[in-house]
Amino acid sequence: MTSPASPQFTNSYATLPPRFYTKMQATPVAGPTLIRLNADLAAQMGLDADWLASEAGIQMLSGNVMPPGADPLAQVYAGHQFGGWSPRLGDGRALLLGEVDGPGNAHWDIQLKGSGPTPYSRMGDGRAWLGPVIREYVVSEAMHALGVPTTRALAAVSTGEIVLREDRMPGAILTRAASSHVRVGTFQYFASQQDVEGLRALLDFAITRHYSDLAKDDALGFLKAVIAAQAELVAKWMGLGFIHGVMNTDNCHIGGLTIDYGPCAFMDAYDPRKVFSSIDQHGRYAYGAQPEILVWNLAQLASSLLPLINRDMDDAVKVAQEALQEFSSLYTDAWKRVFFAKLGLKTGGEAEITLVQDLLTAMAENQADFTLTFRGLADGTAREQFVDPTVFDTWAEGWTARNPDMQALNDANPAYIPRNHQIELAITEAVSGDLSRFHRLCDVLTRPYSNQPGQEDLQAPPTEQELVRQTFCGT
Ligand code: AMP
Ligand code: MG
């Protein structure tokens, strides 16, 4: 038997010019213990799960000891937060350790989230408490299992230290893995500094990482590729009733991954105006607003890329606008694929779009649970979600007339989503030392499309007492 091995890191982001980051070490923590390790993901990344769970591994996952080849740094970026411009954000509570090369030539960036203050921390302490770490772990891994591109959770450790929030909370660190951590806001940072050389280097990095079929200076091709990837992503969110909560441009990933799980949640009863985030007073990032906000974010990327698209500004603006105009049909196509599949329809036209919209309208009027309505199409229980089940019956006549593939329905409509009230419960219990619900949620949510006898309580929407109306920011 070979002994478990420490991973060998590299860090290609660290070879970019120094103005892209601040190189620094994590702030050590007093008493790290492993909360959960994602052994499946470790294997996918070519990492030794036994080593990660060992004392030496936990020292790495807590930031106390850096692995060989790591070159830790905090990335700088900017962004529009709720529409307001922040010229410098950056990793205020995270460090990129570097990357490991997994099987299949995949690069995995490894980041510690909650690793202590950096020059980008502004007023923050650079730490995370157990709650947001649990939320991000559960939701990001569920997203992956649901088939949605996302950053991943490799591990969670508790730090043995207290973090001050509204209360004294147990500190924790999430190890996040992703194909990169480059955001629309990263491009905005260099564009706002009129740093065309920086933009060019970032574009080269982003294309190499995410769109390697493109020529390394093809800014327009890159813009189109990001637009397509993000249209696909948000259509998938919509198909699951997912609300990101903070679709700021710094939380918009250029590889089309879901990133930065803060006050995010899956809807229970369907309501297109649904908002969870306590800081989203005006519904800017409501469920139904997400596609529009996405175009707004992509327009910020387009405008950042202009100097790389064409030296002639008028021409650059013209082709960038044309690329943005493509969004609407890309998104509609993706939306149709998602929602037609949810109804068991292979293709469709205007009549099928109306069919979906009629169902959604009826669901909203009847406070139907989003997940259980779609899941209930296969076994006839969908009608129970409606205050007036005959409304569903009438709709279902038009639906069955189209001969839906009943066998395919359960592959497009999950039985399990990370219900917000279950996450809140898991957090409350974890804070008092009981991690069992957190582990159970993680385990069940690795197979969200399967019926799992004995786990039915995790399918249920919240009771009036359990209902979580707001989710606070993920710090
Ligand atoms: P997020 O909500 O994760 O999108 O973060 C927005 C910005 O606030 C990013 O620049 C974060 O690094 C920063 N930030 C969030 N929480 C903290 C914290 N506890 N300490 C320092 N910076 C933070
Ligand atoms: Mg962020």
Exercise. Please specify each residue of segment 93-124 satisfying the condition of being surrounded by fewer than 16 Cβ atoms within 10 Å (Cβ to Cβ) and within 11 Å of ligand 1 (Cβ to nearest atom).
Key: Pro119, Arg122, Met123, Gly124
Quiz item: Residue check, Val468 against (1) in contact (Cβ under 8 Å) with a residue 12 or more places away in the chain; (2) out of contact with any His (no Cβ under 6 Å at 6 or more places or on another chain), all met but one. Which one?
Solution: (2)
Quiz item: Which one is surrounded by the fewest Cβ atoms within 10 Å (Cβ to Cβ) among residues in segment 254-299 that are β-branched (Val, Ile, Thr) and within 14 Å of ligand 1 (Cβ to nearest atom)?
Solution: Ile279
Exercise. Test Ile417 against the criterion of being in contact with a helix residue (DSSP H, G or I) (Cβ under 7 Å, 6 or more places away or on another chain) and assigned to a loop (DSSP other than H, G, I, E, B), and give yes or no.
Key: yes
Quiz item: Would you pick out the residues in segment 256-283 that are of a type in the set (Ser, Thr, Tyr) and over 19 Å from the mean Cα position of the chain (by Cα)?
Solution: Tyr270
Quiz item: Any idea which of Gly90, Gly57 is more than 17 Å from Leu37 (Cα to Cα) and either within 14 Å of ligand 1 (Cβ to nearest atom) or at pLDDT 95 or above (or both)?
Solution: Gly90
Quiz item: Within segment 456-469, can one find any residue that is acidic (Asp, Glu) and at pLDDT below 95?
Solution: yes
Quiz item: What number of residues within segment 203-229 are part of a helix (DSSP H, G or I) and in contact (Cβ under 8 Å) with a residue 24 or more places away in the chain?
Solution: 14
Exercise. Could you tell me which of the residues Pro18, Pro68 is in contact (Cβ under 8 Å) with a residue 60 or more places away in the chain and either of a type outside the set (A, V, I, L, M) or surrounded by fewer than 16 Cβ atoms within 10 Å (Cβ to Cβ) (or both)?
Key: Pro68
Practice problem: Please state which of the following conditions Asp388 fails to meet, knowing it meets all the rest: (1) under 27 Å from Ala228 (Cβ atoms); (2) surrounded by fewer than 18 Cβ atoms within 10 Å (Cβ to Cβ). | Solution: (1)
Quiz item: Can you tell me which residues in segment 60-81 are of a type outside the set (A, V, I, L, M), within 10 Å of ligand 1 (Cβ to nearest atom) and within 20 Å of Thr10 (Cβ to Cβ)?
Solution: Gln75
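Whether any residue in segment 195-213 is surrounded by fewer than 18 Cβ atoms within 10 Å (Cβ to Cβ), among the polar types (S, T, N, Q) and modelled with pLDDT under 95 is what I want to check.
no
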Quiz item: Taking into account only those residues within segment 428-470 that are in a helix (DSSP H, G or I) and among the basic types (Lys, Arg), which is farthest from Ala378 (Cα to Cα)?
Solution: Arg437
Quiz prompt | Test result for Leu34, surrounded by fewer than 19 Cβ atoms within 10 Å (Cβ to Cβ) and more than 19 Å from the chain's Cα centre (by Cα) | solution = yes
Self-check item: Residues satisfying the stated conditions in segment 102-135, i.e. among the acidic types (Asp, Glu) and within 18 Å of Leu41 (Cβ to Cβ)
Solution: Asp109
Quiz prompt | segment 46-82, subset under 28 Å from Pro263 (Cα atoms) and assigned to a loop (DSSP other than H, G, I, E, B), residue nearest to ligand 2 (Cβ to nearest atom) | solution = Tyr77
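Conditions (1) more than 16 Å from ligand 2 (Cβ to nearest atom); (2) closer than 24 Å to Arg375 by Cα; (3) over 13 Å from the mean Cα position of the chain (by Cα); (4) of a type in the set (Asp, Glu), marked per residue:
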site: Arg122; (1), (2), (3), (4): no, no, yes, no
site: Ala128; (1), (2), (3), (4): no, no, yes, no
site: Val139; (1), (2), (3), (4): no, yes, no, no
site: Leu146; (1), (2), (3), (4): yes, yes, no, no
site: Pro149; (1), (2), (3), (4): yes, yes, no, no
site: Ala155; (1), (2), (3), (4): yes, no, yes, no
Quiz prompt | Residue list for segment 241-263, restricted to those being at pLDDT 95 or above, within 13 Å of ligand 2 (Cβ to nearest atom) and not polar (S, T, N, Q) | solution = His244, Gly245, Val246, Met247, Asp250, Cys252, His253, Leu257, Ile259, Asp260, Tyr261
Quiz item: Scanning segment 182-205 for residues that are more than 18 Å from Gly221 (Cα to Cα) and of a type in the set (Phe, Trp, Tyr), which turns out nearest to ligand 1 (Cβ to nearest atom)?
Solution: Tyr189
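The values are calculated or read from the model by the stated rules, or taken from the named source; none is laboratory data. Everything quoted here is computed from the prediction, not taken from an experiment. Cβ coordinates were reconstructed from backbone atoms using ideal geometry, including for glycine residues, and neighbour counts include every protein chain displayed.
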